[in-house]
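Okay, structure first, notes after.
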Amino acid sequence: MSRDNFTEKADVSVDERWLRLMGAAQRGERAAYATLLRECVPFIRRVAARQGVRPDQIDDVVQETLVALHRARAAYDPARPFAAWLRAIAQRRAIDLLRRSARIDGREIHSPLAYESYADVSSDPAAQSAARSGAALITAAAANLPARQREALEQLALRGLSLEAAATETGRSKGALKVNLHRALKSLRVRFGGEG
């Protein structure tokens, strides 16, 4: 007979043991509950592996299954076979993980060699020099802006504060800051024209 099904005598006795432990756990016996959870882990691992979960993700299925079991333990009906109930939960969690992984793998590319061959622009002296000169140009141009526009540019664009934080710090409304930032950026665009 197959190990997949709980039809062998040894498996039936395990299911009966788990039924007793679950009943004790429902009555509030912590030791029985801890024992049940510990004994279920290898079973959940086998279910996840049979569902096609990668070995590095099996622990995630185990964790999610144990959490689901914990949440549903009060609703468990002791008249039902425990192993079949646990298998259904584990299979669902495995399928959820496989779907999540498929969505993520569809959007992300794993390429360790890309990290090794990617050029670090921060180590390029020419790029650093260009960035410094660009920052100097923007600082000089911002110095010629009206005070409120300069303040909005410094708070929101250069320091990266949120509208709420900048409004609190400057004592001005969010709307006034947005208008002044828009005007400052427009002035800078005009000033630099085709230079960017």
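Points to keep in mind about this one:
- Value of relative contact order over the stretch 129-195, rounded to a whole percent, pairs C-alpha under 8 Å and six or more apart: 35
- Using all pairs of distinct alpha-carbon atoms, the Kirkwood hydrodynamic radius of the stretch 129-195 works out to 12.2 angstrom.
- Entry note, the chain: relative contact order of 14 percent, from Cα contacts under 8 Å with a spacing of 6+ residues.
- Listed residues A25, V67, S173: farthest to the positive end of the dipole of the chain (Cβ charges): S173
- Label selected from (1) 11.0; (2) 20.5; (3) 11.8, the criterion being mean projected area of the Cα convex hull in nm² as computed here: (2)
- Ranking of R159, R46, R87 by neighbouring Cβ atoms within 10 Å, starting from the fewest: R159, R46, R87.
- Candidates A157, A90, A102, ranked by Gaussian network fluctuation over the chain, Cα under 10 Å, top entry: A157
- Principal-axis tilt of helix 125-143 within the chain, Cα atoms, nearest 10 degrees: 60
Readers should treat all values here as calculations from the given coordinates under stated rules, not as data from a laboratory. Everything numeric in this text was worked out from a predicted model, so none of it was measured. Glycine gets a Cβ as well: all are built from the backbone with ideal geometry, and neighbour counts include every protein chain shown.
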